[in-house]
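As structure tokens, the structure follows; a few thoughts come after it.
The values are calculated or read from the model by the stated rules, or taken from the named source; none is laboratory data. What you are looking at is a predicted structure, and each value in this text was computed from that prediction instead of being measured. Reconstructed Cβ throughout: ideal geometry from the backbone, glycine too, with neighbour counts over all protein chains shown.
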Amino acid sequence: MTHRTQTPVIELHDVSFGYDSASMVLEDIHLAMNQGDFLGLVGPNGSGKSTLIKIMLGLIKPQQGEVKLFGKPIRSFRDWSRIGYVSQKANSFNTGFPATVFEVVSTGLFGKMGLFKWIGNQEKEWIDQAIERVGLGDLAKRNIGRLSGGQQQRTFIARALVSQPELLILDEPTVGVDAESERRFFDLIEKLRVELGITILLVSHDIGAITNKVSQVACLNRKLYYHGDSRDFVHQQTQILSAAYGQEVRILQHTH
């Protein structure tokens, strides 16, 4: 990995956003992630999680506050290959799309090398490495439509990894996969975190499924109700979630 730095990977200071003045989606968000963090961003549907991710990716601008990526204000940040992103829509991919695993993963290099540049030996090596890293080496030539949901999920993770990012953002990555695929997914993510030292932000509404997987939790529902160690979150989760959700909440822990 390159570009290592001691400055935070992501910093948000006093970030607010709303589509109109009467309905704020995010209010006064302060959040930071350091290199190697594994943060679970949790909250109910409609809590602002997707909006926050769009702000982090520079897709929308906050109405108030400052966002920094790798120490640079987002308005002047250009090195987007340092960030890998797997969208929630990847889980509803058109299985009839005529592309192999290798071809899908190769599209993750477009931002780094340009849309029309020929893939050379170096790029092929990066693609092969990403596919091997997610355990799909023997399926590289298979059409993505012939893969299981879990294998498709790994393909899109490989596409996000092929540019060798330092930050990996995963938006609701376990939606639509079975329990065994979910277990393998978390095993893979832990392996990537340990082997690559990569910083991971995982977005989910399934609090019980991830709180024992991540190292930190941020609980969002328009405002940030908690941001800190996952073990402390578990000890306080009834109070935190009752405040965030506006009602008493009981957590079901998943033990697949």
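Listing for the model above:
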item	result
Single condition residue 221 does not satisfy, out of (1) polar (S, T, N, Q); (2) free of Cβ contacts under 8 Å to residues at least 60 places away in the same chain; (3) within 12 Å of residue 43 (Cα to Cα); (4) in contact with a Gly (Cβ under 9 Å, 6 or more places away or on another chain)	(2)
Qualifying residue in segment 30-41 (condition: surrounded by 15 or more Cβ atoms within 10 Å (Cβ to Cβ) and either of a type in the set (Val, Ile, Thr) or more than 18 Å from the chain's Cα centre (by Cα) (or both))	no
Filter result (more than 13 Å from residue 157 (Cα to Cα) and either in contact with an Asp or Glu (Cβ under 8 Å, 6 or more places away or on another chain) or at pLDDT below 75 (or both)) within segment 94-108	94, 95, 96, 97
Pair list, Cβ under 6 Å, 6 or more apart: segment 71-84 residue closer than 14 Å to residue 110 by Cα, other residue among the charged types (D, E, K, R) and in a loop (DSSP other than H, G, I, E, B)	82/166
Wholly enclosed strands (runs of 3 or more DSSP E) of segment 9-65 bearing at least 3 residues over 24 Å from residue 84 (Cβ atoms)	10-20, 23-33
